[in-house]
Amino acid sequence: MQNRIVTLDEFIIRRQKEYTLATGELTGLLRDIGVAAKIINREVNKAGLLNILGAVGNENLHGDTVQKLDLYANEKLIECLKNSGECAGIASEENEDYVPIAPMDEKESKYLVVMDPLDGSSNIDVNVSVGTIFGIYRRKSDPSGPCVLEDFMQKGNELVAAGYVLYGTSTILVYSTGRGVNGFTLDPTIGEFCLSHQDIKIPEQGNSYSVNQGYYLKFDVEMRRYIDHCSDSNFGLRYIGSMVSDIHRILFQGGIFLYPNTRKYPLGKLRLLYECNPLGFIVEQAGGKAINCSLERILDIEPKTLHQRETIAIGSPAMVDEMKEFVERYRV
Ligand code: AHG
Ligand code: MN
Ligand code: MN
């Protein structure tokens, strides 16, 4: 039991020192994401007070109604990453194209960020938890020039780090650099993320499933059979409608999250780069599994476009394995 507060900054610097070859760039980048998270947290917290609520009115690239806070979160993250000097480019759910970042003081940066600035944004107006999801890649192109589209077309298994921030009853930042998963809860009295959940491990099996069961009749037969099985097994159904919140619960309590293909979304709804890969990385790092409905490992899927959608089944390893068996047995 630790008896001393360890802040996020201290933790990432400590981790950096364990690597003799580390240059501090990734440390700086993670720290800057932490700063952006605090700024977004401040706005999310007072959303009910300001006249910032409500849809901007226009739809985003994916046909979802854009809430003002989505754009705010997007702007703040881009601003923090631009000023950080450690990021060569950003691909965001809220921007049609990637955003290249010019080197600062002629210092070339080797990292790229992919992000969903505000996940679950339809929940903002009703005071339900939302989140931020991010992933960090090393760029492939020559660092002396601007980043290119191919830099972002990397598989999830090439992620250098990934994480999320959940603006919930507490605000928590959870991240991994490929050596386990740690969580840091924001102490609002001192304005610091403090280490609160060390080396998070997902339960092997859970007793709840998370899916938008309203679409049941639009799912393929094998998915319906698996959902029937969950219900027959007396598993509880828990679905918040913010993927970050659902995954966070599953990380601690076990369970499975599903977003299969439907008639409306034949390829699934969630975005491979911004949602599936970073959360797949975190869940795998915690001992869980993440596959699509064609039973491919999420992190092994080759992206073809920035905003590519993917189906997903993610969570406790025993439950993902069982879902796989149902798909193999019942698919036509
Ligand atoms: P976003 O707010 O970034 O567009 O993401 C919403 C996503 C995800 O968080 C959630 O699990 C899912 O959409 C909910 O979709 P349905 O309303 O179709 O269930
Ligand atoms: Mn999202
Ligand atoms: Mn979003």
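The values are calculated or read from the model by the stated rules, or taken from the named source; none is laboratory data. Because the structure is a prediction, the values reported are computed rather than measured. Every residue, glycine among them, receives a Cβ derived from its backbone with ideal geometry; neighbour counts consider all protein chains shown. In case anyone asks, the SASA skips ligands and DNA or RNA and just uses the protein heavy atoms, side chains included. Shrake-Rupley method; radii C 1.70, N 1.55, O 1.52, S 1.80 Å.
The set of residues from the stretch 100-125 being away from ligand 3 (no atom under 16 Å from the Cβ) and either crowded, with 21+ Cβ neighbours inside 10 Å or among the aliphatic types (A, V, I, L, M) (or both) comprises ILE101, ALA102, MET104, SER109, TYR111, LEU112. Selection of the stretch 297-320 for residues being surrounded by 14 or more Cβ atoms within 10 Å (Cβ to Cβ) and of a type outside the set (A, V, I, L, M, F, W, C) yields ARG297, PRO303, HIS307, GLN308, ARG309, GLU310, THR311, GLY315, SER316, PRO317. All conditions but one from (1) of a type in the set (Val, Ile, Thr); (2) away from ligand 3 (no atom under 16 Å from the Cβ); (3) not in a helix (DSSP H, G or I) apply to ILE227; the one that does not is (3). Selection of the stretch 230-247 for residues being away from ligand 1 (no atom under 16 Å from the Cβ) and either surrounded by 15 or more Cβ atoms within 10 Å (Cβ to Cβ) or not in a loop (DSSP other than H, G, I, E, B) (or both) yields CYS230, SER231, ASP232, PHE235, GLY236. Of all residues in the stretch 115-163, those that are within 18 Å of GLN308 (Cα to Cα), assigned to a strand (DSSP E or B) and in contact with a Lys or Arg (Cβ under 9 Å, 6 or more places away or on another chain) total 2.
Residues in the stretch 207-224 that are closer than 19 Å to ASP321 by Cα, touching a residue at least 24 places away in the same chain (Cβ under 8 Å), assigned to a helix (DSSP H, G or I) and out of contact with any strand residue (DSSP E or B) (no Cβ under 8 Å at 6 or more places or on another chain): VAL221, GLU222.
Residue by residue, here is whether (1) more than 11 Å from ligand 1 (Cβ to nearest atom); (2) touching a residue at least 40 places away in the same chain (Cβ under 8 Å); (3) of a type in the set (A, V, I, L, M) holds:
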| site | (1), (2), (3) |
| --- | --- |
| SER129 | no, yes, no |
| GLY135 | yes, yes, no |
| SER141 | yes, no, no |
| GLY145 | yes, no, no |
| LEU149 | yes, yes, yes |
| PHE152 | yes, yes, no |
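Within the stretch 148-185, the residues that satisfy the criterion of being in contact with a Cys (Cβ under 8 Å, 6 or more places away or on another chain) and either of a type in the set (Val, Ile, Thr) or more than 16 Å from GLY288 (Cα to Cα) (or both) are PHE184, THR185.
Checking the structure you have, find out if any residue of the stretch 138-159 is open to solvent by less than 10 Å² (accessible area, probe 1.4 Å) and within 16 Å of ligand 3 (Cβ to nearest atom). No; the residues of the stretch 138-159 include none that is open to solvent by less than 10 Å² (accessible area, probe 1.4 Å) and within 16 Å of ligand 3 (Cβ to nearest atom). For the stretch 98-118, the tally of residues that are among the charged types (D, E, K, R) and under 19 Å from the mean Cα position of the chain (by Cα) stands at 1. Figure legend. Inter-residue proximity from the stretch 98-118: first residues closer than 11 Å to ARG139 by Cβ and more than 16 Å from ligand 1 (Cβ to nearest atom), second residues aromatic (Phe, Trp, Tyr) and assigned to a loop (DSSP other than H, G, I, E, B), beta-carbon distance below 9 Å, spacing 6+ or different chains. Indicated pairs: LEU112/TYR98. On the given criteria, is ASN277 modelled with pLDDT of 95 or more, outside any helix (DSSP H, G or I) and crowded, with 17+ Cβ neighbours inside 10 Å? Criteria not met by ASN277.
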